[in-house]
């Protein structure tokens, strides 16, 4: 039951991810990415990472993707005009060949590795309590450093995105 | 409801490769950025699957940190894209070649 559901969700995830990179309209690419992130949250639930699944929807599909859509609409982007020309097609073909080769290679690596089979998870595994206990004990220092990183990112984003008051190079 | 770890890792590998292809074939900086987010998520899936296989939550805590760093990265990256769009009025990666030398 869980395995069949996983296969269904995995197939949908791959289709949505292909939509992200194939759709010429950036807004629709972003919406495909939202779908991909939701489906990945479903995969996380199947892997019993309930806390991470909730964070995935709130932080990724909620906050980060809204930021993306906001910027796309702020810049008023149109469809990518597909560049023609033989050199462009050759490069694109090479990129696809390389990407498919990478996928096959990674899949073979996974096949060769012995990752062990997952037993039944302990009670409360992947819930907010279990993750928070680990986060506030073993990972307390990285957690505090993350807050400094976020502060620096907020200040940096505001400084970078504001209108220039001085003439710049370029 | 036990999902084989190998299957989750396979899905992660395929999603990562799709992200790599997206970075290589698209020329719109924002779409390239979205493909990078896709790769980050593929790796997150590996972390969650392996944490499940080990029966420990450490991997899930790492995913938490990856998400925070991704949020910071998205904020700064999009600010850079807005700033460069203001100066050059393009988001095409081929035209933003000022550092080519």
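Read-outs throughout are calculated quantities, based only on the coordinates presented, and are distinct from any laboratory measurement. If you're wondering where the values come from, they're calculated on a predicted model, not measured in any experiment. All Cβ positions, glycine included, derive from the backbone under ideal geometry; neighbour counts span all protein chains shown.
Please state which one of A:121, A:95, A:103 is touching a helix residue (DSSP H, G or I) at 6+ places or on another chain (Cβ under 8 Å), within 9 Å of chain B (Cβ to nearest Cβ), within 25 Å of residue B:13 (Cα to Cα) and in contact (Cβ under 8 Å) with a residue 60 or more places away in the chain.
A:121
Say we look at region A:124-134 and pick out the residues that are within 9 Å of another protein chain (Cβ to nearest Cβ) and more than 27 Å from residue B:13 (Cα to Cα); which of these is surrounded by the fewest Cβ atoms within 10 Å (Cβ to Cβ)?
Within region A:124-134, the match that is surrounded by the fewest Cβ atoms within 10 Å (Cβ to Cβ) is A:133.
Taking helices (runs of 4 or more DSSP H) that do not extend beyond chain B, which have at least 2 residues that are at the interface with another protein chain (Cβ under 8 Å from one of its Cβ atoms) and farther than 30 Å from residue A:8 by Cβ?
The helices (runs of 4 or more DSSP H) meeting that bar are B:58-88.
Quick one: residue A:56 ticks every box in (1) surrounded by fewer than 19 Cβ atoms within 10 Å (Cβ to Cβ); (2) within 25 Å of residue B:6 (Cβ to Cβ); (3) without any contact (Cβ under 8 Å) to a residue 40 or more places away in the chain except a single one, so which number is it?
(1) is the only condition that residue A:56 fails.
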